[in-house]
Amino acid sequence: MNLLIKSATVVDPASPFNDKVADILIEKGTITKIDKSIGADVKTIDAKGQYVSPGFFDLNCNIGELGVETKEDLQTGTAAAAAGGFTGIALMPNTHPPVHSKAEVEYLLNRAKNNLVDIYPLGAISVKREGRDMAEMFDMFKSGARAFTDGNRPVQDAGLMERALLYVQNFGAKVISYPEDTSIAGKAKVNEGVVSTMLGMKGIPALAEELMIARDLYLAEDTNSAIHFTTISTHHAVDLIREGKRKGLKVTCDVAAHNLVLTDEALVGFDSLYKVKPPLRTKRDVDALIAGLEDGTIDAIVSQHTPHEIEFKDVEFEVAEYGIIGLQTAFSLALKAGLSPRLIVEKMAINPRTILNIDVPQITEGANANLVLFSADAGWEYTRDNNRSKSYNSPFLGQNLKGKVLLTCNNNQIFKN
């Protein structure tokens, strides 16, 4: 794979070419030269006015393999990831069977060999994600799992969470918490507030998320452990984590891209495509999430890609499944939220890898070409034809979006939109 990218603006704080316009020559998957002007007899892309950065990395991605490949398999999931600019994805263990032993970790890693997109399976904290007995975390870590979470099932047992936080210290892994107290959230489907009252639907209080964050912050402090919260969604959750960081706790967190641009007002038409968890919150919450990204409280933006077959979404709102597909729209939504390209690169390429202790790609001579080329100004229409996922459960299908991923490169392979 030989390629010359002309006149791109480099966005990579670790690169000597950061914020500079340069030509980048890629030969056999390696960046062999970066300079103001390069001439080479290879395929050339004019990237004037566009940005090149390390490839994006998703900390919260759901793919049906193992067991529910009708929703998504590794082939379609990684195709959607590449189309969205992602060169690495962390897979949630929400499968059947769940990823709760080294056998599942090794299966996924073997299936994903020689792919443009690097795969990082996340292991379950508990056996079968049932929240009772601790899973074989050390065995999974040795096989390649970088972090542990029960995925979309919050760990209700404080003792189990405490033991997990202590146990992973022995081998340097990380625990990821999905914060929700199910005894408070109950069976509600939407955010508790004015909109839920207007719709006549029982709501999920913000307290359900915030109480679990407070609990796990206390546990992390008591055990002197690192913890990562995924898909926070309320303004007070941001405040709690900001205070935890101020106290010196080893805490990081992320937010789903759709929670940066959508509020619960989108639910007025009872469109199940907007049914997600954590639920869409209020404008006040959205503003706090964006402020948290800008001041460093929130470390990363995730797609929370959650594919479903049509029969699980094209039904009454009450019985529809949670989740939307998001790999191809995450970058555009981050731009729509008002974030700069440089901040997006920090939150979608650099910090996610740092959180999992994965080497961050660099735009430097001699480095492997793990990068994404994107435009912050170009528009594109997200359609069923250019959707790479096996599923179609996105409220953004049929919409014109700003911010286009033009090319994704990794492992001596190129994906071009």
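Treating the beta-carbon of each Lys and Arg as +1 and of each Asp and Glu as -1, no other charges, what is the dipole magnitude of the chain about its Cα centre, to the nearest 20 debye?
For the chain, the charge dipole is close to 660 debye.
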Checklist entry - Which part of the stretch 98-124 falls in the paramagnetic zone of E130, meaning amide N under 16 Å from the point 7 Å along Cα-to-beta-carbon? => result 98-101, 124
Next on the checklist: Can you work out the Karplus-derived ³J(HN,Hα) for every residue in the stretch 154-166? Use 6.51 cos²θ - 1.76 cosθ + 1.60 with θ = phi - 60°, whole Hz, and x for glycine or proline.
Outcome noted: x, 7, 7, 7, 4, x, 5, 5, 4, 5, 5, 4, 6
Checklist outcome for this item: Taking the dipole of the chain about the Cα centre (Lys, Arg +1; Asp, Glu -1; charges at Cβ), the one of H96, T149, I38 that reaches farthest to the positive side is I38
Next on the checklist: Can you compute 3J(HN,Hα) from phi for each residue in the stretch 87-102, using the Karplus curve 6.51 cos²θ - 1.76 cosθ + 1.60 with θ = phi - 60°, rounded to whole Hz and x for Gly and Pro?
Outcome noted: 10, x, 9, 9, 8, 5, x, 7, 10, 10, x, x, 7, 10, 8, 5
Next on the checklist: Could you report the accessible area of M1 in Å², rounded to 10, computed with a 1.4 Å probe on the protein chains as they sit in the structure?
Outcome noted: 50 Å²
Checklist outcome for this item: Calc'd 3J(HN,Hα), the stretch 357-371, phi into Karplus 6.51 cos²θ - 1.76 cosθ + 1.60 (θ = phi - 60°), Hz, glycine/Pro = x, comes to 6, 10, 4, 8, x, 10, 8, 9, 5, x, 7, 4, 7, 10, 8
Checklist entry - Between D271 and N224, what length in nm is gained on full extension when 0.36 nm per residue of separation is reduced by their alpha carbon distance? => result 12.6 nm
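Using mean Cβ contacts within 10 Å as the protection proxy, how do 156-165, 271-280, 56-65 order, highest first?
Numbers: 156-165: 17.6, 271-280: 22.0, 56-65: 27.5.
Per-residue mean Cβ counts within 10 Å order the peptides as 56-65, 271-280, 156-165.
Under unit Cβ charges (Lys, Arg +1; Asp, Glu -1), what dipole magnitude, rounded to 20 debye, does the stretch 1-152 have relative to its Cα centre?
Roughly 280 debye for the stretch 1-152.
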Checklist entry - Under a point-charge model restricted to the Cβ atoms of Lys and Arg (+1) and Asp and Glu (-1), what is the dipole moment magnitude of the stretch 71-167 relative to its Cα centre, in debye to the nearest 20? => result 100 debye
Checklist entry - Taking only the alpha carbons of the stretch 204-333, what extent do you get along each of the three principal axes, in Å, biggest first? => result 45, 26, 24
Item to check | the stretch 18-83 - Kirkwood radius from inverse mean 1/r over Cα pairs (Å) | outcome: 15.1 Å
Next on the checklist: Starting from a Cα-only point model with no solvent, please compute log10 I(q)/I(0) by Debye for the stretch 344-417 at q = 0.15, 0.24 1/Å.
Outcome noted: -0.69, -1.18
Checklist entry - Between C61 and residues 5 or more places away or on another chain, which pairs have amide H atoms under 5 Å apart, with H built 1.01 Å from N, and which residues are they? => result A90, M92
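Can you tell me the order of 362-369, 81-88, 32-39, 401-408 when each peptide is scored by its average per-residue count of other Cβ atoms within 10 angstrom, highest first?
81-88, 401-408, 362-369, 32-39
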Next on the checklist: Rg over Rh of the stretch 263-417, using C-alpha atoms and the Kirkwood radius, what does it come to?
Outcome noted: 0.98
Checklist entry - Once the other residues with Cβ under 13 Å from the Cβ of I125 are scored (Lys, Arg +1; Asp, Glu -1), what is the net sum? => result -1
Checklist entry - Listed highest first by mean packing, meaning other Cβ atoms within 10 Å per residue, what order do 251-257, 383-389 come in? => result 251-257, 383-389
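What does DSSP give for the chain in terms of the percent of beta bridges that are antiparallel, rounded to the nearest 5?
That works out to approximately 50 percent antiparallel.
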Checklist outcome for this item: Taking protein heavy atoms only, a 1.4 Å probe, and rounding to whole percent, the accessible area of the chain owed to carbon and sulfur comes out at 48 percent
Item to check | Partners for K28 among aspartates and glutamates (Cα-Cα distance below 15 Å; same-chain residues under 8 apart left out) | outcome: D41, E365
Checklist entry - For the chain, what's the relative contact order in percent, using C-alpha pairs closer than 8 Å and at least 6 residues apart? => result 20 percent
Checklist outcome for this item: Under 5 Å from the placed amide H of L406, counting only residues 5+ away or on other chains, we find L373, F374, S375
Checklist entry - Calculated FRET efficiency, R246 and T44, Cβ-Cβ r, R0 51 Å, to nearest 0.05? => result 0.55
Item to check | Accessible area of the chain divided out per residue, in Å², using a probe of 1.4 angstrom | outcome: 39 Å²
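The values are calculated or read from the model by the stated rules, or taken from the named source; none is laboratory data. These numbers come from a predicted model, not from an experiment. Positions of Cβ are generated from backbone atoms using ideal geometry, with glycine treated the same way; all protein chains shown enter the neighbour counts. Surface areas here come from the heavy atoms of the whole protein model, side chains and all, with no ligands, DNA or RNA. Shrake-Rupley method; radii C 1.70, N 1.55, O 1.52, S 1.80 Å.
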